[in-house]
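As structure tokens, the structure follows; a few thoughts come after it.
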Amino acid sequence: MALSGITDTIGRTIEGLAQPFSDPVIRLGVTGLSRAGKTVFITALVANLMDRGRMPALRAAAEGRILSAFLQPQPDDTVPRFDYEAHLAALTGPEPHWPESTRAVSELRLSFRLREAGLLGSVRGPRTLHLDIVDYPGEWLLDLGLIGRGYGDWAAEVLGRIAGRAEAAGYLAALQGVEGAAPHDEAVARRLAEAFAQYLRAARAAGYSDCTPGRFLLPGELAGSPALTFAPLPGGAAPRGTLRREMERRFDAYKEKVVKPFFRDHFARIDRQVVLVDALGAIHAGPKAVEDMRAAMTEILAAFRPGKVGWLMGLLGVRRVERILFAATKADHLHHSQHMRLTAIMAALVREAKDRADFAGADTAAMSIAALRATVEETVSHEGRTLDAVRGRLLETGREATFYAGELPQNPAEILAPARQGASGWLDADYRVMGFAPARLRLKPGEGPPHIRLDRAAEFLIGDRL
Ligand code: GDP
């Protein structure tokens, strides 16, 4: 592996050198756990970069320096294209609905024709900049934590962690009577792997974020392959030919043949990164889900710093990410008066990871955004109080409703501390998140779909290169 890692890196460097005069490219990674909002984010971002009427905070757009923005064939022939047109049609068609979520890695190239600022603009002709957007599941980043570990170590930790979880009851029952030291039996391995995957799906649905191996949740084309047919077994090392030894071998294959290639081929070349977080969804699910999300974010973010995994990243040819944006998504569930609080919670969620290392000098920022604004704000009176609420079309019934999500605390510690202490519910607050359907839109020419702070997000991520 080490050798092929090195030769791949060299190969890529030479390939890069072969075209020294080609137009500059920024690779923007978009990640986040499943349902965080990646698909909607990319679709809305691209639509608003092509029609920039709602992008005042993107300086190049406000100053009229973006002459045009258009989609082009992407450079990587073997990566699926992000299905922009289908997703946009879902969001902005006559019967708007949310698009299919990210299941695997995909890519899209948006190219800009740009005029230089100031005097240079009148001397030089327009230049071209390509923005390659790479969409990939955050679950796959969690797998980075597996690379340095052995099977026994991993299995023991997982079993310890899930012991008290109701969602794991099925898997733990499936383990009953299974002997790691018994001869390997494919039917048993399959049954256990399926039960473990079922646990991971249930845990995910319950709001837990520590759901690795990531491909068990989003297997892509690997579904059913031996590299995905293993599960954590209790007990110690076992000799060749046993169930446990085979599990161990597959765990290693998963790391070598699934995890490492992803990092080498996709992750390695990212310049700018946005990490989307459904912080509101976790708060809604309760303290356990928040604590879990915090832990998962810390693990995910380990991928963006050297140190523990630096040697590996070096071998895989990982380059430094220059900017990382942490964005709390779906902020349109809240009245804007609460957005700063959501941003503070977002920042607090990633603080530990950030404090441990400075992300190797990357610029970072936290924001609350809504890639597609599905609501309007409304102030209502309720039991003698006025509430800053939002109004939208409910996903379940299709009816319009006014909705108050509860008041987020000013101090993020009021969310994070009970979460850390393992509280079972919020003390004196009730947070609700309701599903809104995308609103029916009547877009004027030159206007992209409505959003909250997508222009600021774009300015932070790529504004300096436009
Ligand atoms: P992915 O799994 O990260 O690709 O997540 P999606 O982009 O598919 O988003 C998951 C779900 O979150 C969507 O189906 C919507 O219900 C919701 N969602 C995503 N972005 C927004 C947003 O900006 N506003 C609102 N109200 N809901 C959103």
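The values are calculated or read from the model by the stated rules, or taken from the named source; none is laboratory data. Keep in mind the model is a prediction, meaning the values are calculated, not measured. Quick reminder, even Gly has a Cβ in these numbers, built from the backbone with ideal geometry, and neighbours come from all protein chains shown. Protein only, heavy atoms only, side chains kept; ligands, DNA and RNA dropped before computing areas. Shrake-Rupley method; radii C 1.70, N 1.55, O 1.52, S 1.80 Å.
Structure summary
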quantity: Selection from the stretch 126-151 of residues that are more than 16 Å from the ligand (Cβ to nearest atom), modelled with pLDDT of 85 or more and either surrounded by 17 or more Cβ atoms within 10 Å (Cβ to Cβ) or not basic (Lys, Arg) (or both); calculated: Pro126, Thr128, Leu129, His130, Leu131, Asp132, Asp143, Leu146, Gly150, Tyr151
quantity: Any hit, the stretch 386-397, residues being farther than 29 Å from Ala347 by Cβ, more than 27 Å from the chain's Cα centre (by Cα) and among the basic types (Lys, Arg); calculated: no
quantity: Residue identified as over 23 Å from Gly422 (Cβ atoms), modelled with pLDDT under 95 and aliphatic (A, V, I, L, M) among Val178, Val188; calculated: Val178
quantity: From Gly220, Gly170, Gly224, residue being surrounded by fewer than 20 Cβ atoms within 10 Å (Cβ to Cβ) and under 20 Å from Leu141 (Cβ atoms); calculated: Gly220
quantity: Which numbered condition Ile270 misses (of (1) open to solvent by 30 Å² or more (accessible area, probe 1.4 Å); (2) in contact (Cβ under 8 Å) with a residue 40 or more places away in the chain); calculated: (1)
quantity: Among (1) more than 14 Å from the ligand (Cβ to nearest atom); (2) modelled with pLDDT under 85, the one test that Ala405 misses; calculated: (1)
quantity: Residue that is within 30 Å of Gly448 (Cα to Cα), modelled with pLDDT under 95 and either assigned to a strand (DSSP E or B) or more than 16 Å from the ligand (Cβ to nearest atom) (or both), where the choices are Asp8, Asp23; calculated: Asp23
quantity: Verdict on Leu372 being part of a loop (DSSP other than H, G, I, E, B), modelled with pLDDT of 90 or more and within 16 Å of the ligand (Cβ to nearest atom); calculated: yes
quantity: Selection count, the stretch 194-217, where residues are part of a loop (DSSP other than H, G, I, E, B) and open to solvent by 10 Å² or more (accessible area, probe 1.4 Å); calculated: 5
quantity: Out of Lys255, Lys288, Lys260, sole residue that is under 30 Å from Leu342 (Cβ atoms), among the charged types (D, E, K, R) and surrounded by 19 or more Cβ atoms within 10 Å (Cβ to Cβ); calculated: Lys288
quantity: Lone unmet requirement of (1) assigned to a loop (DSSP other than H, G, I, E, B); (2) of a type in the set (A, V, I, L, M, F, W, C); (3) out of contact with any His (no Cβ under 8 Å at 6 or more places or on another chain) for Ala458; calculated: (1)
quantity: Single match in Pro232, Pro213, Pro226 (criterion: in contact (Cβ under 8 Å) with a residue 40 or more places away in the chain and more than 17 Å from the chain's Cα centre (by Cα)); calculated: Pro232
quantity: Enumeration of residues in the stretch 79-115 that are in a loop (DSSP other than H, G, I, E, B), open to solvent by less than 40 Å² (accessible area, probe 1.4 Å) and closer than 25 Å to Ile66 by Cβ; calculated: Phe82
quantity: Which listed residue, of Gly37, Gly53, is assigned by TED's automatic domain parsing to the domain that holds Ala327, away from the ligand (no atom under 16 Å from the Cβ) and not charged (D, E, K, R); calculated: Gly53
quantity: Failed item in (1) more than 16 Å from the ligand (Cβ to nearest atom); (2) within 19 Å of Gly281 (Cβ to Cβ); (3) open to solvent by 50 Å² or more (accessible area, probe 1.4 Å); (4) of a type in the set (A, V, I, L, M), with Leu416 passing the rest; calculated: (3)
